[in-house]
1. Per the helix-only calculation at 222 nm, which mean residue ellipticity applies to the chain, given -39500 (n - 2.57) for every DSSP H run of n ≥ 4 and division by its residues, nearest 500 deg cm²/dmol?
2. Run the numbers for residue 126 and residue 56: contour at 0.36 nm per residue of separation, minus the present Cα-Cα distance, in nm.
3. If you take every residue apart from residue 46 with its C-beta less than 12 Å away from the C-beta of residue 46, what net charge results, scoring Lys and Arg +1 and Asp and Glu -1?
4. Take the alpha carbon atoms of region 60-154, find their radius of gyration, then divide it by 2.2 N^0.38 Å using N residues; give the quotient.
5. Once you put a point 7 Å from the Cα of residue 28 and another 7 Å from the Cα of residue 258, both along the Cβ direction, what distance in nm separates them?
6. Quick one: if you stick a label point 7 Å off each Cα along the C-beta vector at residue 109 and residue 63, how many nm between them?
7. Need the full-extension length gain, residue 35 to residue 90, defined as separation in residues times 0.36 nm minus the C-alpha distance. One decimal, nm.
8. Nearest 20 debye, what's the magnitude of the dipole of region 2-145 about its Cα centre given +1 on Lys and Arg Cβ and -1 on Asp and Glu Cβ?
Amino acid sequence: MEFETIPTVPTADEVLDRSLRRAAAKKKLKINIDRANEEFVRAVASSIHDKLKSVVTSFPSFERLPPFYQEMTDILVSLDRLKRSLGAITWAADQVRVIGSGYARGMRSADDTGLLRRQAVARIASVVHQVGDDLLFLNDARNILRKLPHVNEDEFTVVVAGYPNVGKSSFIRLVSTAEPEIAVYPFTTKGIIVGHRDIRRGERIQLIDTPGVLERPADERNPIERQAVSAIINIADIVLFILDASEHCGYALDDQIRLQEEIQRLVDLPVVTAVNKVDIRGMEGYPAMSTLTGEGVEEVLDLLLRYRTDTRQVHPQEPPQSETRR
Ligand SMILES: Nc1nc2c(ncn2[C@@H]2O[C@H](COP(=O)(O)OP(=O)(O)OP(=O)(O)O)[C@@H](O)[C@H]2O)c(=O)[nH]1
Ligand SMILES: [Mg+2]
């Protein structure tokens, strides 16, 4: 993922200190004091300009990112805010260069180059401090975005969704390489977690654990829930919707079914619904499993894999592969 390579974004003081120190080292090399002052201002301005520009270019171009990552960026840090801050840093880089070359030129005909040097540094420092909050914001954004998991668009992808606490992570843990946290309280999972499962002939599929979603208007959903919806819309080939008929999750079954219907309307994809926690209570008409006892879990996975062969088969007229071939 392109986010992993974004280096730490320095604070305003770090940008200034580093550039002033470097320029001071260069200044020592000059014998003529006026030349030294001019050189100092040029060096400070150019080093700050380059540093700020490199901060901007270290972020990926968001328009070119796949829709899922664009949307996740928007949910987690706000694309608008990110673009505004990157724009502010570009502005500051240009300002610093203009100030630096203006003062350096002025020094050629000045009596007191030391005074001009101090004025130039003060003005440059003021510009850098003006974008101090933007630098802090970009570093926070960088720290959040670099934790986003890598989603492979070429792999068959099952997105596991449902109300909080129904056993989504428990299922993912049993059938994939991912090891999400499991707990008795809702919203244990707060982001997208990617796992894999090897299937025959060296192929593997991707299984995505998502945070729980509540049945409520989309604009009332919090950023945690919105990540799940984004995964369903942008990266799923198939959705496994888990119901908890025992209601031990803390939510009414009717609400869970309404959410399942909403998701079904939202995407033009197969939505396979399975009932978990059947060690406590099952429900007619749906595949049954218990991630606690393991009962029915592999059967649900097999059901999902059958869709994989259905959607990716080379000859569409070929009937779905039978149970015996798996
Ligand atoms: N009895 C029983 N409990 C289960 C079963 N599956 C999960 N649980 C319990 O249900 C609780 C929630 O499980 P999780 O796997 O964390 O549920 P989740 O859907 O990922 O929850 P969020 O991440 O909060 O949305 C935990 O206490 C699990 O031990 C099951 O089949 N039977
Ligand atoms: Mg979970």
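A short reminder: the numbers here are calculations on the coordinates, not readings from a lab. Predicted model, so just to flag it, every value in this text is computed and none were measured. Neighbour counts run over all protein chains shown; Cβ positions are idealised from the backbone, glycine included.
1. Computed ellipticity for the chain at 222 nm equals -17000 deg cm²/dmol.
2. Length gained between residue 126 and residue 56: 23.3 nm.
3. On the way: positive: 22, 26, 42, 51, 53, 97; negative: 39, 50.
Summing Lys and Arg as +1 and Asp and Glu as -1 gives +4.
4. In units of the globular-protein estimate, region 60-154 measures up at 1.55.
5. 7.2 nm
6. The modelled label-to-label distance comes out at 4.3 nm.
7. Once the chain is fully extended between residue 35 and residue 90, it gains 16.9 nm.
8. Details: 22 positive and 19 negative charges, 187 e Å.
Taking the Cα centre of region 2-145 as origin, the dipole is about 900 debye.
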